1. Among what's in the range 235-257 and is polar (S, T, N, Q) and in contact with a Gly (Cβ under 6 Å, 6 or more places away or on another chain), pick the residue that is nearest to residue 9 (Cα to Cα).
2. Quick one: which residue in 170, 253, 181 is out of contact with any Ser or Thr (no Cβ under 7 Å at 6 or more places or on another chain) and not small (Gly, Ala, Ser)?
3. β-branched (Val, Ile, Thr), farther than 24 Å from residue 265 by Cα and touching a helix residue (DSSP H, G or I) at 6+ places or on another chain (Cβ under 8 Å), is that true of residue 41?
4. Identify all residues within the range 151-160 that are touching a helix residue (DSSP H, G or I) at 6+ places or on another chain (Cβ under 8 Å) and free of Cβ contacts under 8 Å to residues at least 12 places away in the same chain; write none if there are none.
5. Tell me which of these residue 10 doesn't satisfy, since it passes every other one: (1) under 20 Å from residue 188 (Cβ atoms); (2) loosely packed, with under 15 Cβ neighbours inside 10 Å.
6. Given the structure, is residue 249 touching a helix residue (DSSP H, G or I) at 6+ places or on another chain (Cβ under 7 Å), closer than 24 Å to residue 53 by Cα and surrounded by fewer than 22 Cβ atoms within 10 Å (Cβ to Cβ)?
7. From 91, 116, which residue is of a type in the set (S, T, N, Q) and modelled with pLDDT of 90 or more?
Amino acid sequence: MSNEDPAKARAGLLFAVGAYGLWGFLPVYFLLLQPAGAVEIVAWRILWSLVFCAVLLAATKSFRRFAALLRDRRTVGTMALAGAIIVVNWTTFIFATLSGHLVEAALGYFINPVVTVLLGVVILRERLRLRQWIAVGISVVAIVVIAVGYGTMPWISLILAFSFGTYGLIKKRVGGRVDAIGGLTLETLALSPAAAIALIVVGVNGGLAFGTSGVPQAVAVVGTGAITAVPLLFFAAAASRLPLSTLGLTQYIAPILQLVVGVAFLHEPMSASRWFGFALIWVALAVLSADAVLVNRSSRARQLSANTSRIANETAR
């Protein structure tokens, strides 16, 4: 991060912490939306997020800038792809929350930082240091341990990790030309027709929970617009300010909170193999964090030395 603007990097870090902190408590919010199912909740999230984004565009007088984005077919296509990927993530996560698999979902977001780092290497050609490769190796062992303990691959975890890692990559690549509000508006606008169709299908086949399950539930559903858009806006702002590998290091905040909710409040089971697998993931995250700290210190030391030499040379002249 030595080549990054320090103020920009600090702002990016604050946005990342805000995004992941809010995502950590999302399972509690989704439980308030019952008896709505995962498909209905995701559809309402899309539509109410679009409404929330429209309000933000009006409040910030950004409709002209958004219209310019709409004329860029490449950007529209990229944001539509990002939207499709995040819908996979949303649906999987809500299904996991409502079906008693929140711990497995938390595992997915623990794995996600490693996936993010790997995507940085494969797609963005970022180079990994030895300690980062060690962390990746430990994470692979952890997945194997947990898979053996489950008796099957933790598919929920892997889908969540790779879908959100890919979403982060896309947001990183368009961060320079697409602002947070405009990008999210494009995503939800592209998905709105599918969301409307999904609600019609749910209504025909079983009835919608929204509007028939009491005022508090209806208010909570409307609130999905803000509860969805705000952390995504924070994440988009963070992704445009931080290197992908650095962004990956902040992602453990959400799964820690989700694990606490799943184990302490929802009383989901934690077998010995699960604990051991989680422990390995935490070791991997500790290695990644230590690497980031050491590299940051080294970069600061080099920058200080360079500045000192420059000042000395200017003084000598």
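1. 240
2. 253
3. Considered against the rule, which asks whether it is β-branched (Val, Ile, Thr), farther than 24 Å from residue 265 by Cα and touching a helix residue (DSSP H, G or I) at 6+ places or on another chain (Cβ under 8 Å), residue 41 comes out as no.
4. Selection gives 153 alone.
5. The one condition residue 10 does not meet is (1).
6. In short, no.
7. The match here is 91.
Residues checked against (1) surrounded by fewer than 20 Cβ atoms within 10 Å (Cβ to Cβ); (2) touching a residue at least 24 places away in the same chain (Cβ under 8 Å); (3) in contact with a helix residue (DSSP H, G or I) (Cβ under 6 Å, 6 or more places away or on another chain); (4) not in a helix (DSSP H, G or I):
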position	(1), (2), (3), (4)
145	yes, yes, yes, no
171	no, yes, yes, no
185	no, yes, yes, no
197	yes, no, no, no
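The values are calculated or read from the model by the stated rules, or taken from the named source; none is laboratory data. Source: prediction; values computed, not measured. Every residue, glycine among them, receives a Cβ derived from its backbone with ideal geometry; neighbour counts consider all protein chains shown.
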